[in-house]
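Scroll down for the structure; my scribbles are underneath it.
Taken together, the values in this text are just the output of simple stated rules run on the coordinates, not laboratory data. Since we're looking at a predicted model, the values are computed, not measured. Using ideal geometry, Cβ is built from the backbone for each residue, glycine included, and neighbour counts are taken over all protein chains shown.
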Amino acid sequence: MSFLVLDALEKTYPDGTKAVKDVSLEIEEGEFIVLLGPSGCGKTTTLRMLAGLEMPTGGTILLGNQDQTRLTPSERDVGFVFQFYALYPHMSVSKNIAFPLENMGLVSQEVDRLVSEVSRHVGITEHLHHHPGQLSGGDQQRVALARAMVRRPKMFLMDEPLGTLDADRRLAMREFIREQQIESGITTVYVTHDQEEAMALADRIVVMRGGRIDQFDTPTKVYEHPADPLTAQFVGSPGMNLFTGELVVDGTDRYLRSGDITIDADTKALSDIADGPVTLGLRSEYLIPDAEGTLQAETVLVERLGSHCNVYFDSPVGRLVMRTESDISHRPGDTLKLGYDTQHLRIWAGDYARPPLEVSET
Ligand code: ATP
């Protein structure tokens, strides 16, 4: 059995809001799992149920084969790190870190040894006698991590722990958290709405929407084979180019059209899709200038970003963005043809611009 098992987990708040619906997951020991999704999709509620801060209204949580569903936070061997450091302002850094150990009744020599070991690990030894208010945001978050790590819990739960940091510190702390997690091997569930952070940190990403799991896969799979157009657009910077079309079946022939043009596609990829409206997706890096290409495009804007350029076009299928490593001499108004390797064209049944109406469950 997997280390952490969520089985048909549900949370309906007393006001009737169904925040989490039928969430089932199997997570292996040592994995770094990121819950990713837009605001309100149920990430925090799921994490709070793992922490014991919120009681599920349905389903079960097993950790290391033990049923944790109804346990209080203190009965679970988990460490939390939240967006707001939640340090005790009147206590020194050293006291803050020691607090959970003293609560466990450890003798002071052992407490001192563990505090000094974890402080060396997270690089805050010089701050042990300071108070949290004297530290930068990044250092306060290191203290919060040290406090969570000092007990070596069975699992870490982190809710947007980098949310309050500026861009530079976010990157440094992100690297640091991952390094520490790899070194400690402690299973971690991490919540963010930042897709880049999710891609950088996760062994596997849980993409959530509307309280449900949309996709549970490796970052590469989520990026290359998103489960649906919404995830395709949400993940990646820029998000995937999307446009609508139609799968036409003409005798034994199956092909794609978008407006008046035929869209090149891998014939095998079309065999599983019913005729009718489809949504098509292409990552910006797979579009290339190609004199034989079928997409006539007019340059609208060139963004030169140092390592690469994003070039925006108007085309018969709508606005497209192409990522190119080389500097490009195009100017707005220039026209060219664009092509792509058909292996990279993603095809979903249905028109994403007109999704079926969802019945409200609140
Ligand atoms: P965010 O990133 O904005 O925190 P999230 O994905 O973490 O969003 P949740 O905080 O889990 O989402 O909220 C899921 C849904 O549950 C939202 O519609 C939210 O308004 C609702 N919700 C959260 N807490 C409560 C509560 N205590 N009572 C009623 N509804 C709640």
Normalised Cα Rg of the chain, dividing by 2.2 N^0.38 Å with N its residue count, works out at 1.19
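Quick one: Leu305, Leu35, fewest Cβ neighbours within 10 Å first, how do they rank?
Details: Leu305 8, Leu35 28.
So the residues, fewest neighbours to most, are Leu305, Leu35.
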For region 225-273 and region 283-345, write down the distance between their C-alpha centroids in whole Å.
18 Å
Among 235-246, 259-270, 136-147, the order from most to least packed when residues are scored by Cβ within 10 Å on average
136-147, 235-246, 259-270
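What is the local net charge at Val191, summed over the other residues whose Cβ is closer than 9 Å to its Cβ (Lys, Arg +1; Asp, Glu -1)? Intermediate values should be presented prior to the final figure.
Numbers: positive: Lys43; negative: Asp159, Glu160.
After counting each charged neighbour, the total is -1.
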State to the nearest 20 debye the size of the charge dipole of region 1-65 about its Cα centre, where the only charges are +1 on K and R beta carbons and -1 on D and E beta carbons.
300 debye
In order through region 205-220: 3J(HN,Hα) via Karplus (6.51 cos²θ - 1.76 cosθ + 1.60), integer Hz, x for Gly, Pro
10, 9, 8, 10, 8, x, x, 10, 8, 8, 7, 9, 7, 5, x, 5
Interatomic Cα distance distribution for region 42-108, bins of 5 angstrom, percent
3, 14, 21, 20, 16, 14, 9, 3, 0
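Could you grab the Rg to Rh ratio for region 1-141? Cα atoms only, Kirkwood for Rh.
1.03
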For Arg212, other-chain or 5+-apart residues with amide H closer than 5 Å (H placed, Pro excluded) are Lys21
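Tell me, what is the percent relative contact order of the chain, built from C-alpha pairs under 8 Å that lie six or more residues apart?
About 15 percent, as a whole number.
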Can you tell me which aspartates and glutamates have their Cα less than 14 Å from the Cα of Lys221? Leave out same-chain residues fewer than eight positions away.
Asp203
Excluding residues fewer than 8 places away in the same chain, name every one of the aspartates and glutamates whose C-alpha is closer than 15 Å to that of Lys18.
Glu10, Glu54, Glu358, Glu361
For the chain, what is the calculated [θ] at 222 nm in deg cm²/dmol (nearest 500), taking -39500 (n - 2.57) for each run of four or more DSSP H residues and dividing by its residue count?
-7000 deg cm²/dmol
Taking H as built 1.01 Å from N, whose amide H comes closer than 5 Å to the amide H of Glu31, not counting residues under 5 places away?
Thr188
Dipole in debye (nearest 20) - the chain, about Cα centre, beta carbon charges: Lys, Arg +1; Asp, Glu -1
1060 debye
For region 105-115, Karplus couplings with θ = phi - 60° (6.51, -1.76, 1.60), whole Hz, Gly/Pro x
x, 5, 6, 5, 4, 5, 4, 4, 5, 5, 5
Could you tell me which of Ile205, Ala227, Ser271 has its Cα farthest along the dipole of region 192-327 towards the positive end, charges placed at Cβ (Lys, Arg +1; Asp, Glu -1), taken about the Cα centre?
Ile205
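Using only C-alpha atoms and all pairs of different ones, pull out the Kirkwood radius for region 147-231 in Å with one decimal.
Working: mean 1/r = 0.0715 Å⁻¹.
Hydrodynamic radius (Kirkwood, Cα only) of region 147-231 equals 14.0 Å.
If you count the DSSP beta bridges with both ends in the chain, what percent of them are antiparallel, to the nearest 5?
DSSP beta bridges in the chain are roughly 75 percent antiparallel.
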Calculate one ³J(HN,Hα) per residue across region 16-31 by plugging θ = phi - 60° into the Karplus curve 6.51 cos²θ - 1.76 cosθ + 1.60, and present them in order as whole Hz with x for glycine and proline.
x, 5, 8, 7, 9, 10, 6, 8, 10, 8, 10, 10, 8, 4, x, 6
For region 32-99 versus region 170-222, the gap between their alpha-carbon centres in whole angstrom
16 Å
